[in-house]
Amino acid sequence: MGESIEKEIASNIRVIPDFPQKGVSFKDITPLLKDPGLFRLCINSLKDVCEQIDFDLIVAPEARGFIIGSALAYAMGKGFAPVRKKGKLPWETLQGEYQLEYGTDTLEIHKDAVAPGQKVLVVDDLLATGGTIAATIDMVEKLGGQIAGLVFLIELTYIPGRANLSKMGYQVHSVVKLDS
């Protein structure tokens, strides 16, 4: 992927200071999503990153991970399984707790979302601390899935998410790296 593509995507990320709480600089991808050309550029850039990864299924946490993950699954001809906040999935679930920059929460996945031995690509819009993804990984592995890789549209390099996930032994890939 070229530097100009990364700059094009990065320049269309809206930064909202002090959201959802003071001191947090929220990276809003809705400008990328509403423009068909930019949305296609994001998904195609993610697809380019994923071409060399052998996987069967994409798993992504809500909410923006759904948008990115399901579009990428469609583009690559793969299945998609959602990870949702507690109480949002209608069938039997497995739970995982995680830390955010600004609190804690619980995620759930359907118990039949991942088959034992299935190679899973975990996808999200943004990598910050890696807490949401660590909880997602834990649930996938408890279901017997094998993590094939972790892919993000945006990586905040000033927060140690990559280091936290790499220490766990996972390959981390991102399209855009932001240093502030």
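Every number here is computed from the coordinates shown, using simple stated rules; none is lab data. Predicted, not measured: the structure shown is a model, and the values here were computed from it. Every residue, glycine as well, gets a Cβ built from its backbone with ideal geometry; the counts of neighbours run over all protein chains shown.
Straight-line reach from residue 167: which aspartates and glutamates fall under 18 Å, measuring Cα to Cα and dropping same-chain residues less than 8 apart?
Within the straight-line cut-off, residue 167 pairs with 138, 141, 155.
Residues with amide H under 5 Å of residue 26's amide H, sequence separation 5 or more or different chain, H placed in the peptide plane at 1.01 Å from N; which?
So residue 26 has HN proximity to 16, 18, 19.
Taking a ≥ b ≥ c as the square roots of the eigenvalues of the Cα gyration tensor of segment 117-174, is the shape rounded (a/c under 1.5), prolate (a/b larger than b/c) or oblate?
Values: a/c = 2.08, a/b = 1.78, b/c = 1.17.
It is prolate, given that a/c is not under 1.5 and a/b is the larger ratio.
Sequence gap at least 6, Cα distance under 8 Å: using those rules, report the relative contact order of segment 29-133 to the nearest whole percent.
Working: 147 pairs, mean separation 30.4, N = 105.
Worked out over segment 29-133, it gives 29 percent.
Summing +1 for each Lys or Arg and -1 for each Asp or Glu, what net charge is found among the other residues whose Cβ lies under 14 Å from the Cβ of residue 79? Intermediate results must be reported in sequence, preceding the final value.
Working: positive: 78, 119; negative: 56, 112.
Neighbour charge sum, excluding residue 79 itself: 0.
Need one word for segment 87-148: rounded, prolate or oblate. Basis is the Cα gyration tensor (sqrt eigenvalues a ≥ b ≥ c); a/c below 1.5 gives rounded, then a/b vs b/c decides. Intermediate values should be presented prior to the final figure.
Values: a/c = 2.26, a/b = 1.30, b/c = 1.74.
Oblate is the answer for segment 87-148, as a/c is 1.5 or above yet b/c matches or exceeds a/b.
Just to be sure I understand, if you calculate P(r) over Cα pairs in 10 Å bins from 0, in percent for this structure, which of (i) 10, 40, 38, 13, 0; (ii) 8, 27, 21, 19, 18, 6, 0; (iii) 9, 29, 25, 18, 13, 6, 1 do you get?
Looking at P(r) over Cα pairs in 10 Å bins from 0, in percent for this model, the match is (i).
How far, in nm, would the chain grow between residue 146 and residue 112 when pulled straight, counting 0.36 nm per residue and subtracting the alpha carbon separation?
Values: separation 34, 0.36 × 34 = 12.24 nm, distance 1.46 nm.
Full extension of this stretch gives 10.8 nm more.
Net charge near residue 172, counting Lys/Arg +1 and Asp/Glu -1 over other residues with Cβ under 14 Å of its Cβ? Can you show the working numbers first?
Details: positive: 162, 167, 177; negative: 124, 155.
Result for the local shell: +1.
Antiparallel DSSP bridges in segment 3-173: what percent, to the nearest 5?
Looking only at bridges with both residues in segment 3-173, the antiparallel portion is about 45 percent.
For a quick protection proxy, order the peptides 158-164, 148-154 by their average other-Cβ count within 10 Å, most packed first.
Per-residue mean Cβ counts within 10 Å order the peptides as 148-154, 158-164.
Could you give each residue of segment 16-27 its phi-based ³J(HN,Hα) in whole Hz, using Karplus coefficients 6.51, -1.76, 1.60 with θ = phi - 60°, and x for Gly or Pro?
Along segment 16-27, the couplings run 10, x, 6, 10, x, 8, 4, x, 9, 9, 6, 9 Hz.
As a check on your grasp of the helix formula, calculate [θ] at 222 nm for the chain: sum -39500 (n - 2.57) over DSSP H runs of n ≥ 4, divide by the residue count, round to the nearest 500.
Numbers: 6 runs with 60 residues, N = 180.
When only DSSP H runs of four or more count, the value is -10000 deg cm²/dmol.
For labels at residue 177 and residue 56 in the simple 7 Å Cα→Cβ model, what's the distance in nm?
Going by the 7 Å Cα→Cβ label model, 3.3 nm.
With θ set to phi - 60° and the Karplus curve 6.51 cos²θ - 1.76 cosθ + 1.60, what are the ³J(HN,Hα) couplings of segment 77-87 in order, to the nearest whole Hz, using x for Gly and Pro?
x, 10, x, 9, 10, x, 10, 10, 6, 3, x
Rounded, prolate or oblate: pick one for segment 66-117, where a ≥ b ≥ c are the square roots of the eigenvalues of its C-alpha gyration tensor, a/c under 1.5 means rounded, and failing that, prolate if a/b is larger than b/c, else oblate. Walk me through the intermediate numbers first.
On the way: a/c = 2.26, a/b = 1.39, b/c = 1.63.
The shape class here is oblate.
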